[in-house]
1. Would you work out the charge dipole size for the stretch 2-126 about its Cα centre, treating the Cβ of every Lys and Arg as +1 and the Cβ of every Asp and Glu as -1, and quote it to the nearest 20 debye?
2. For Thr113 and Ser38, FRET efficiency with R0 = 25 Å and r from the beta-carbon atoms, rounded to 0.05?
3. Would you work out which of Cys31, Ile71, Tyr47 lies farthest towards the positive end of the dipole of the stretch 26-89, given +1 charges on the beta-carbon of Lys and Arg and -1 on that of Asp and Glu, about the Cα centre?
4. For n ≥ 4 DSSP H runs only, could you compute -39500 (n - 2.57) per run for the chain, divide by its residues and tell me the 222 nm figure to the nearest 500?
5. Given the peptides 29-36, 6-13, arrange them by the average over their residues of other C-beta atoms within 10 Å, most packed first.
6. Could you tally the net charge around Phe105, taking each other residue with its Cβ under 14 Å from the Cβ of Phe105, Lys/Arg +1 and Asp/Glu -1?
7. Using only the alpha-carbon atoms of the chain, report the extent along each of the three principal axes, biggest first, to the nearest angstrom.
8. Based on the Cα gyration tensor of the stretch 1-68, what are the three equivalent ellipsoid semi-axes, each the root of five times an eigenvalue, rounded to whole Å and given largest first?
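Please treat every number below as a calculation from the coordinates, not as lab data. All of these numbers come straight from a predicted model, not from anything done at the bench. Here Cβ is always computed from backbone atoms with ideal geometry, including for glycine, and neighbour counts include all displayed protein chains.
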Amino acid sequence: MKNIFRYLFLLFLLLSTDQFLKYTFLKNSVCNKNIAWSIPIAPGVFYFISTLIIFFLIYYFLKSERNSEKIALIFVFSGAISNLTDRVARGCVVDFIDLKFWPVFNLADVYITMGVVLLIATGIKKYQIPDTKY
């Protein structure tokens, strides 16, 4: 039970940091009504797929026994919830990080990317083929 509070604290910390920065940089932001890399999608389809993904993340989190997977899932979940919060509250995702050579993005996008990379890394480590000598 002690760990669940740590995970919830991390979730809250990540969400609040992203939302604070989006609010802080709201004047210099882009309102993105599309999904990743500005790919258009119908709102109904988006909300349906988002709901399925969030339920899958919760299920995977509850079934996972590895701390590294749970932390990775918290990152993905935090980014997804923060961007979904934007869509519900503002009708679009607030993007404010502009590197000039990449589409504009936000901290929630970074969370999702980091979480996915961590999940891949833990998955590779989990299923490594042991060395065998012939």
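1. Details: 13 positive and 7 negative charges, 53 e Å.
I would put it at about 260 debye.
2. Working: r = 16 Å, r/R0 = 0.64.
The computed FRET efficiency comes out at 0.95.
3. Cys31
4. Values: 4 runs with 88 residues, N = 134.
Rounded to the nearest 500, it is -23000 deg cm²/dmol.
5. On the way: 29-36: 15.8, 6-13: 13.2.
Ranking, from highest mean packing down: 29-36, 6-13.
6. Numbers: positive: Lys22, Lys100; negative: Asp18, Asp86, Asp95, Asp98, Asp109.
Net charge in that neighbourhood comes out at -3.
7. Computed over the Cα atoms, the extents are 61, 38, 28 Å.
8. Working: eigenvalues 151, 84, 14 Å².
Listed largest to smallest, the semi-axes of the stretch 1-68 are 28, 20, 8 Å.
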